[in-house]
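Right, one structure below, let's go through it.
The values are calculated or read from the model by the stated rules, or taken from the named source; none is laboratory data. Note that the structure is predicted; figures quoted are calculated from it, not measured. Glycine gets a Cβ as well: all are built from the backbone with ideal geometry, and neighbour counts include every protein chain shown. Areas reflect the complete protein model, heavy atoms only, side chains present, ligands, DNA and RNA absent. Shrake-Rupley method; radii C 1.70, N 1.55, O 1.52, S 1.80 Å.
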Amino acid sequence: MKPFDGPGPATAEGGPAALPAARFYLFPEPGRASAISALTVLALLLSWWLATAWGWLPPLVLPAPAAVGEALLAAHRGELQGGRTLLEHFLWSFGRVLAGFGLACATAIPLGILMGVSRVARGVFDPPLEFYRPLPPLAYLPLIVIWFGIDETSKILLIYLACFAPLAVSARAGVRAAHPEQIHAALSMGASHAQVVRHVIVPAALPEILTGMRIAVGFGWTTLVAAELVAATVGLGQLVMNASNFLRTDVVVMGIFVIGAVAWLFDLAMRGLESRLVPWKGR
């Protein structure tokens, strides 16, 4: 066996050599990627313009940016689809998504917290939640139409179901973020179980809940097109689907951009809310 020669190599003066500095990882600051994101968007727009200007793709497959801009102006003036303006389509779609998302927040978040703190609630609600969560909304859309008809109820319900599962799962997972020491300290000071849930568990679960809200609102806008397939005469999703029937690719791309931009603004709003309510997250 090799004898132990000491803690490390020696220097010329006979003392121990200095150990190399420890390496550590720093998470990148969110603001530092803004310039890279802007360059990426510019590169994608330039590639789009080049592909159409040089005829790499026909207009039916990929319309030029100018054609999409003209479609946007025509929709703004109400020259598409029965004279309804783009603002009217947006307001109808916004109302449907907001109604479905709001109802899902009001029901899924309390249920998720209840599932996290109660074994009975988890046993009752976990099987149906995990059963329908992976199902695409188009799979149960015909059933919703049979049960609730083709009015606004079926559209809002479809968006509600798309938002419900990620909210409930995130709230249930967020309950585990509360440390047992915090719960025991609150109980030792005479807090009731309701007070523990309100003042200890809910604040600990808030980062996960807000992340689930960001995911859920994205699902809401994703499901919008499917929801507006149900006998809708107005809405961004219906505008896109109707344009595809007439091979108006410029209107389809314009509608996709509008839906994506609105969903992105929703996500920015949720990020701002997250930074205000949970400033300690990631620090």
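Brief remarks on what is shown
- Total residues in the range 223-260, condition within 22 Å of Ile146 (Cα to Cα) and either β-branched (Val, Ile, Thr) or touching a strand residue (DSSP E or B) at 6+ places or on another chain (Cβ under 8 Å) (or both): 5
- Pick from the range 80-110, criterion in contact with a Ser or Thr (Cβ under 9 Å, 6 or more places away or on another chain) and at pLDDT below 90, ranking: least open to solvent (accessible area, probe 1.4 Å): Gln81
- Where Pro63 falls short, out of the listed (1) assigned to a helix (DSSP H, G or I); (2) touching a helix residue (DSSP H, G or I) at 6+ places or on another chain (Cβ under 6 Å); (3) open to solvent by less than 60 Å² (accessible area, probe 1.4 Å); (4) not small (Gly, Ala, Ser): (1)
- The range 235-271 - residue that is over 27 Å from Ile109 (Cα atoms) and charged (D, E, K, R) and, of those, least open to solvent (accessible area, probe 1.4 Å): Asp250
- The helices (runs of 4 or more DSSP H) falling completely within the range 73-167 that include 1 or more residues that are under 17 Å from the mean Cα position of the chain (by Cα) and free of Cβ contacts under 8 Å to residues at least 60 places away in the same chain map to 86-117.
- Candidates in the range 183-201 are the residues that are assigned to a helix (DSSP H, G or I) and open to solvent by less than 50 Å² (accessible area, probe 1.4 Å); of these, the one that is farthest from Ala108 (Cα to Cα) is Ala185.
- Once the range 170-182 is narrowed to residues that are open to solvent by less than 40 Å² (accessible area, probe 1.4 Å) and in a helix (DSSP H, G or I), the residue that is farthest from Ala227 (Cα to Cα) is Val175.
For every residue, the table says whether it meets (1) within 14 Å of Ala75 (Cβ to Cβ); (2) at pLDDT 85 or above.
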{"residue": "Ala231", "(1), (2)": "no, no"}
{"residue": "Val234", "(1), (2)": "yes, yes"}
{"residue": "Gly260", "(1), (2)": "no, yes"}
{"residue": "Leu268", "(1), (2)": "no, yes"}
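- Of the residues making up the range 111-129, just one is surrounded by fewer than 13 Cβ atoms within 10 Å (Cβ to Cβ) and either under 16 Å from Tyr160 (Cα atoms) or touching a helix residue (DSSP H, G or I) at 6+ places or on another chain (Cβ under 6 Å) (or both), namely Pro128.
- Against the list (1) closer than 20 Å to Ile156 by Cα; (2) assigned to a helix (DSSP H, G or I); (3) open to solvent by less than 30 Å² (accessible area, probe 1.4 Å); (4) not β-branched (Val, Ile, Thr), the condition Ala232 fails is (2).
- Filter result (open to solvent by 10 Å² or more (accessible area, probe 1.4 Å) and closer than 17 Å to Ser118 by Cβ) within the range 141-169: Val169
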